[in-house]
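Please read the structure below before turning to the comments.
The values are calculated or read from the model by the stated rules, or taken from the named source; none is laboratory data. All figures in this text were calculated on a predicted structure; none of them were measured in a lab. Please note: Cβ atoms are built from the backbone with ideal geometry, for glycine as well, and neighbour counts cover all protein chains shown. The protein model used for the area step is the full one, side chains on, heavy atoms only, and it has no ligands, DNA or RNA in it. Shrake-Rupley method; radii C 1.70, N 1.55, O 1.52, S 1.80 Å.
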Amino acid sequence: MQQHSLLQTKLYMPPTRPEPVSRPRLIERLNEGLSRKPTLISAPAGFGKTTLVSAWLAGCAQPAAWLSLDEGDNDPARFLAYLITALRTLVVPVPPVPRASEGSRVEEAAANLGEGALSALQSPQPPPAEAVLTTLINEIAAIPTAVVFVFDDYHLIEAQPIHDALTFLLEHLPPQMHLVIASREDPPLPLARLRARDQLIELRATDLRFASSEAADFLNRVMGLGLSAEDVAALEARTEGWIAGLQLASLALQGTISMQGRKDRAALVESFTG
């Protein structure tokens, strides 16, 4: 597995929306998760998992690494190579009071992270995943600050050896490292054991749905629809707070209003079936 064959854009954190909906209750939960091993965000498509995590990281000033997974990452050597390469991109955000020495130490440690493991993964017979992870965990433990690693779209991983490798990483995770796993379904990881030990924070579809105030903010401020409280409540009820559903409804309403004028907004909302 040659490092240059890895797609670098899979390591880019998605940009935040220009006009995000404020979600302080979820940001608080994600901040709470920093004291646990992983945070699991499990919900179907369209619930804003990626948007939420990228907005949280943009505001929490934690050094973070990001890996967007796809079906091709079901090869254990490829998965580990991406994991290591993503960790090597760790960058310390600029704090309100600059601490250049701390940031340079973290970035220097990250830049050299897993160098030997990456070389071993490029050999014709890569070492076992646990051997690679043992070396990597020891090196992560030397990073002088807390770091966050995000696995996005983990539901695309089906290979049991990779689930086993991630379980090993979770069981031996250094205290300064926190994992965020975003998935459309619960991954086959030891979630029950993590819950029993109070080492897991979970966000699910019921948590991610837009509350009434969030739906109103999205529909009227972000999408500029100027709906009444009754119309907002009707759309929220029809979509059950599903963010993608509200966005589709907004786009449909924008198009129809531009052609027919705003006088028929209530009728248009009433006709929306979700």
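So is LEU136 touching a residue at least 24 places away in the same chain (Cβ under 8 Å), open to solvent by less than 10 Å² (accessible area, probe 1.4 Å) and closer than 24 Å to TYR12 by Cα or not? Let's see the steps before the verdict.
Working: touching a residue at least 24 places away in the same chain (Cβ under 8 Å): yes; open to solvent by less than 10 Å² (accessible area, probe 1.4 Å): yes; closer than 24 Å to TYR12 by Cα: yes.
Yes: the conditions hold for LEU136.
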Single unsatisfied condition, THR89 versus (1) in a strand (DSSP E or B); (2) more than 12 Å from the chain's Cα centre (by Cα) | (1)
Exclusive hit being crowded, with 17+ Cβ neighbours inside 10 Å and either closer than 25 Å to ALA45 by Cα or among the polar types (S, T, N, Q) (or both), set HIS178, HIS163 = HIS178
So which residues in the range 7-35 are crowded, with 18+ Cβ neighbours inside 10 Å and either assigned to a loop (DSSP other than H, G, I, E, B) or touching a His at 6+ places or on another chain (Cβ under 9 Å) (or both), if there are any at all?
-> MET13, VAL21, ARG23, GLY33
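Please go through the range 95-141 and pick out each residue that is closer than 25 Å to LYS37 by Cα, hydrophobic (A, V, I, L, M, F, W, C), assigned to a loop (DSSP other than H, G, I, E, B) and modelled with pLDDT under 90.
So in the range 95-141, the residues closer than 25 Å to LYS37 by Cα come out as 95, 102-103, 105-115, 117-118, 128-141.
If we keep only those that are hydrophobic (A, V, I, L, M, F, W, C) as well, we get 106, 109-111, 113, 117-118, 129, 131-133, 136-137, 140-141.
Subsequent filtering for residues that are assigned to a loop (DSSP other than H, G, I, E, B) retains 113, 141.
The one that is closer than 25 Å to LYS37 by Cα, hydrophobic (A, V, I, L, M, F, W, C), assigned to a loop (DSSP other than H, G, I, E, B) and modelled with pLDDT under 90: LEU113.
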Qualifying residue in the range 184-202 (condition: modelled with pLDDT under 95 and within 30 Å of ASP70 (Cα to Cα)) = no
Single unsatisfied condition, LEU169 versus (1) open to solvent by less than 10 Å² (accessible area, probe 1.4 Å); (2) more than 17 Å from PRO76 (Cα to Cα); (3) hydrophobic (A, V, I, L, M, F, W, C); (4) out of contact with any Gly (no Cβ under 9 Å at 6 or more places or on another chain) | (2)
